[in-house]
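First the structure, in the form of structure tokens, and then the observations on it.
We did not get these values from a lab; they are worked out from the coordinates using the rules stated. Because the structure is predicted, anything quoted here is derived from the model rather than measured. Cβ coordinates were reconstructed from backbone atoms using ideal geometry, including for glycine residues, and neighbour counts include every protein chain displayed.
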Amino acid sequence: MLCEELDIPEEAKRILADSGIRELFPPQVEAIRAGALEGRNLILASPTASGKTLVAELCAVKHILEKEGKVLYLSPLRALASEKYAEFKKYEYLRKPDGRRVRVGISTGDFDSSDPWLERFDIIVATNEKCDSLLRHRAPWFDEVSLVIADEIHLLNDLERGPTLEIVLTRLRQVNQEMQLLALSATVSNTEDIAEWLNAIPVTTNWRPVKLREGVLMGNEIQFKDGGSMKIQKRVSDSLLNLALHSIEHGGQVLIFTSTRRRAVSLARKAAAKIDEILSKSMKRALNHVAESILSSTEKTRISDLLANLVRRGVAFHHAGLSPTHRRIIEDAFRDGRIKALTATPTLAFGVNLPARMVIISDYRRYEPGYGYYPISVLEYKQMVGRAGRPKYDEVGESVLIAKTEEERDYLFESFVLAKPERIWSKLGVERILRAHVLATIASEFARSEQGIYSFFGKTLYAYQYDLRALKGLISKILKFLYKEDMITVKGPEIRATRFGKRVSQLYIDPLSAIIIRDGLLMRAPKISEISFLHMIAHTPDMFPKIRCSNREIDRVSMFLERHEDELMFEKPDEWADSIAYEEFLGEVKTAWVLKSWIEEKSEDEILEMFSVEPGDLYQLISTSEWLLYASQEIAKLLRQRDILPKIAELRERVIKGVKPEIIPLARLDGVGRVRARIMFNAGFRTIEDLRKASIESLSNLPSIGPSIAKRIKEQVGGFFKREEWKRISKAKKSDQQALTEYYK
């Protein structure tokens, strides 16, 4: 089917033509024929890069330009949301019937807001969690949504992400029964089940724009699913590395999935020496630029040094321990073809779109503390192999598992290559997960009685797959818990949220976290300090990532605990009576210590050395802590704990900036940050007034400041400076830099 045959406005057809899209892929044709453009609910299940997003775009344009509706695009991850936002931006050139241009907006953070500004946008991209939060705040613009696009709907099967998506879809259908739902998914075995739950038409296809060859490597030979085989030249003892070199020498890129971060780093190190030998001089120059970007973009750490060193040799690793900035640099360089081999943990398979000619799965087992090693799911395997083959560049994409014996090769073929993905099952029926959604249903007044609550949850996938009776007992238990903790009131058949319960739901935290914060604030530690509040939030189930205290750290953390025990709001468990609870408590104390080190201006590298906490985990920890400290502030207001409000407010800002109290005003300036703020403070510029009076030359001469940053600082503080003086300083600095570059050449 040609794009010009589509029943969409002519302006939209022109945008498709300008993008080089003239003919639809088979899955897109099937979706159109099934009624996607006629307002029918659809589940489109097809492999990665088969064109699902374009179907979503066509439906969105139709709704906005012809039905004057609003479109909501749901994404499981912030990175994916940003990708989709960028893709939809091209439609901002279109004009609606009233003459105004189409507007695209994105919202992925700040869970304590209804974001009224989103009402101005026609296409709204949001994460599932943000949408859940907006529903709790009863954002009025939901009534105008006529199309909901749910991406990666197979993640209903995920224990952490699935329940929120399930509740959001159930809630949206309750709020607006007339809206169209378009669900996008990787191929799963029970698409019909999910479609029936959503009253949708299933469209399932295995078509890909690039042919996929799945196989298993043993020794130096790959056996493929299609019956073919391929010999790999043996260069080194590691067959995986031989396979990677083979693909790169034939003009491809390699994506290697590993089970752990440590394995990703060690494989990247092994690959770098050999891949470096086959890179051209021009490619090495391009890679040097990428390496310099890594070194200059964030604080210097041993991880950034290692990553930059590997990138210079055409290799990189990618995992959650990297800073978001470094992950973006690596992703862009891999997309551009500069990085030839990328080792990654499986989270990448569920994240941004990074295709490669060859995907190698080095480990098909995962280690789970307390359970040992177990095989990955077929669904996870299919997600990884879906990255094989770059549309428009490769005719064939190859995915390869590694076997050491013939028996293992047979097992891998039977269990993964020839296997079908598992059925998707709801993961909603867990008390820890369900209690926040039960409270939200009451607090947002989506239900006002026990029967109303059962009626709502009776429309979930869990009730469809298992029967509502399986949930009733759990919901009843949660209601008793919420009543006991003063989050709901019951008068006859009517159930209402208390002021406390409503605020907890809006703050988007686990009710148990709110109870821990409430009890901590009311009980108070004998001695209140930063550690008191940092440990309090670390003690909540919402603290993420969970930092473990390793065996070699137990003595050191125990000593820290002894020094600060009178500052803690909760008693430590008995080490001998409950060793597991005691170790968990030590992990919480370690988390508080990490955060304390951060606000005392320890560098990322010092924190990595002291606690083995990598930059990416540190950034996630800071983000979670800022959110929990904000929630603590709001709960303290409800409890009228006015004396501690300023302490929590200052601590929250210190956690965000990573600074001691005296440099908070300097760190607030745009473009400054913790390192530059400390440099200025130590140089005698201790207040905003000092900066206002300072000459632009004296600021420019400070380490890591320079003319551009100095100019930004002066503009913010309102200080006077002569533009001619700034130009003279900039020119002098540039000349010095050029002279230095020439010297090192």
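Rounded if a/c is under 1.5, else prolate if a/b beats b/c, else oblate: with a ≥ b ≥ c from the C-alpha gyration tensor eigenvalues square-rooted, which is the range 431-507? Kindly include the intermediate steps, with their values, before the conclusion.
Numbers: a/c = 1.78, a/b = 1.61, b/c = 1.10.
Prolate.
Can you give the extra length, in nm with one decimal, that the chain gains between residue 529 and residue 92 once fully stretched, where that is 0.36 nm per residue apart less the Cα-Cα distance? All intermediate terms of the calculation are to be shown ahead of the outcome.
Working: separation 437, 0.36 × 437 = 157.32 nm, distance 5.07 nm.
Here the segment from residue 529 to residue 92 would lengthen by 152.3 nm.
What order do you get for 250, 326 when you list them from fewest to most C-beta neighbours inside 10 Å? Numbers along the way, then the final one.
Details: 250 9, 326 24.
Lowest count first: 250, 326.
How much net charge surrounds residue 403 when only the other residues with a Cβ under 11 Å from the Cβ of residue 403 are counted, with Lys and Arg +1 and Asp and Glu -1?
Numbers: positive: 404, 409; negative: 221, 406, 407, 408, 410.
Spelling it out: positives minus negatives among the neighbours equals -3.
Taking the Cα centroid of the range 49-71 and of the range 493-563, what is the distance between the two, rounded to the nearest whole Å?
43 Å
Mind checking which of 239, 159, 148 is farthest towards the positive end of the range 147-243's charge dipole, using Cβ charges of +1 (Lys, Arg) and -1 (Asp, Glu) about the Cα centre?
Checking the options against the dipole of the range 147-243, the answer is 239.
Report the number of Lys pairs in the range 431-507 whose alpha-carbons are under 21 Å apart, with separation of 8 or more residues or on distinct chains.
Lysine pair count for the range 431-507: 11.
With the cut-off at 1.5 for a/c, could you classify the range 3-204 from its C-alpha gyration tensor as rounded, prolate or oblate? Display every interim value, and only then the final one.
Values: a/c = 1.59, a/b = 1.10, b/c = 1.45.
Oblate.
For residue 562 and residue 638 in one chain, what is 0.36 nm times their gap in residues minus the Cα-Cα distance, to one decimal in nm? Could you put the intermediate results ahead of the total?
On the way: separation 76, 0.36 × 76 = 27.36 nm, distance 3.22 nm.
Net length gain for the segment: 24.1 nm.
Please pull out the direction-averaged projected area of the range 485-640, using the convex hull of its alpha-carbon atoms, in nm² to one decimal place. Mind dumping the intermediate values first?
Details: hull surface 42.5 nm².
Result: a mean projected hull area of 10.6 nm².
Please report 680, 283, 543, 487 as a ranked list, fewest other C-beta atoms within 10 angstrom at the top and most at the bottom.
Details: 680 23, 283 14, 543 19, 487 26.
Ordered by Cβ neighbours within 10 Å, fewest first: 283, 543, 680, 487.
How do 281, 225 line up, fewest other C-beta atoms within 10 Å first?
On the way: 281 7, 225 14.
The most exposed by this proxy come first: 281, 225.
Is the chain rounded, prolate or oblate when judged by the Cα gyration tensor, a ≥ b ≥ c being the square roots of its eigenvalues, rounded requiring a/c under 1.5 and prolate requiring a/b larger than b/c? Intermediate results must be reported in sequence, preceding the final value.
Details: a/c = 1.30, a/b = 1.05, b/c = 1.24.
Rounded, since a/c falls under 1.5.
Among DSSP beta bridges whose residues both lie in the chain, state the antiparallel percentage, nearest 5. Numbers along the way, then the final one.
On the way: 18 of 69 bridges.
So the antiparallel bridges amount to about 25 percent of the total.
Which is farthest toward the positive dipole end of the range 211-417 among 248, 386, 260, measuring Cα position about the Cα centre, with Cβ charges +1 (Lys, Arg) and -1 (Asp, Glu)?
Most positive-ward Cα: 248.
Work out the FRET efficiency for residue 670 and residue 410 from their Cβ-Cβ distance, taking R0 = 51 Å, and round it to the nearest 0.05.
Working: r = 60 Å, r/R0 = 1.18.
Rounded to the nearest 0.05, the efficiency is 0.25.
How long is the gain from residue 418 to residue 235 if the chain were fully straight, where each residue apart is worth 0.36 nm and the alpha carbon distance is subtracted? List each step's numbers first, then the result.
On the way: separation 183, 0.36 × 183 = 65.88 nm, distance 3.03 nm.
Going from the current span to full extension adds 62.9 nm.
Quote the FRET efficiency, to the nearest 0.05, computed for residue 489 versus residue 581 with a Förster distance R0 of 45 Å and r equal to the Cβ-Cβ distance. Don't skip to the end; give the middle numbers.
On the way: r = 33 Å, r/R0 = 0.73.
The computed FRET efficiency comes out at 0.85.
List the trypsin sites (Lys or Arg not before Pro) within the range 489-533 that fall in a DSSP loop (any state other than H, G, I, E or B) and whose Cβ has at most 16 other Cβ atoms within 10 Å. The partial results should precede the final answer.
Working: sites: 491, 496, 499, 502, 503, 518, 524, 527; in loops: 524, 527.
Listed in order of number, the matching sites are 524, 527.
What order do you get for 180-188, 466-474 when each peptide is scored by the mean count of other beta carbon atoms within 10 Å, highest first? It would help to have the intermediate numbers written out before the result.
Details: 180-188: 22.8, 466-474: 14.3.
In decreasing order of mean packing, 180-188, 466-474 become 180-188, 466-474.
Mind ranking 569-581, 163-175, 372-384, 3-15 by how tightly packed they are, going by the mean number of other C-beta atoms within 10 angstrom, highest first? Write down the numbers at each step before the final one.
Values: 569-581: 12.5, 163-175: 22.0, 372-384: 17.8, 3-15: 15.5.
Taking the mean over residues of other Cβ atoms within 10 Å, the ranking is 163-175, 372-384, 3-15, 569-581.
What order, most packed first, do the peptides 701-710, 530-539 have when packing is the mean number of other Cβ atoms within 10 Å of each residue? Don't skip to the end; give the middle numbers.
Working: 701-710: 16.4, 530-539: 25.0.
Per-residue Cβ counts within 10 Å, averaged per peptide and sorted highest first, yield 530-539, 701-710.
Nearest 0.05, what FRET efficiency do residue 299 and residue 425 give at R0 = 60 Å with Cβ-Cβ as r? Kindly include the intermediate steps, with their values, before the conclusion.
Values: r = 43 Å, r/R0 = 0.72.
That pair, residue 299 with residue 425, gives E of 0.90.
Taking Cα centroids, how far is the range 572-590 from the range 216-256 in Å?
Answer, in whole Å: 48.
Along the charge dipole of the range 211-417, pointing to its positive end and built from +1/-1 on Cβ of Lys, Arg, Asp and Glu, which listed residue (374, 216, 354) has its Cα farthest out?
Looking along the dipole axis, the top candidate is 354.
If you place +1 on the Cβ of every Lys and Arg and -1 on the Cβ of every Asp and Glu, how big does the dipole about the Cα centre of the chain come out, in debye to the nearest 20? Could you put the intermediate results ahead of the total?
On the way: 114 positive and 106 negative charges, 411 e Å.
Using Cβ point charges on Lys, Arg, Asp and Glu, the chain gives about 1980 debye.
Any idea what the dipole of the range 511-658 comes to, in debye rounded to 20, about its Cα centre with Lys/Arg Cβ at +1 and Asp/Glu Cβ at -1? Show your work: numbers first, answer last.
Numbers: 19 positive and 29 negative charges, 133 e Å.
In total the dipole reaches around 640 debye.
For residue 225, list the lysines whose Cα falls under 19 Å from its own Cα; do not include residues on the same chain fewer than 8 positions away.
Partners found: 211, 382, 404, 420.
From the helices alone, meaning DSSP H stretches of at least four residues, give me the mean residue ellipticity at 222 nm for the chain, per-run term -39500 (n - 2.57), in deg cm²/dmol to the nearest 500.
Computed mean residue ellipticity for the chain: -15000 deg cm²/dmol.
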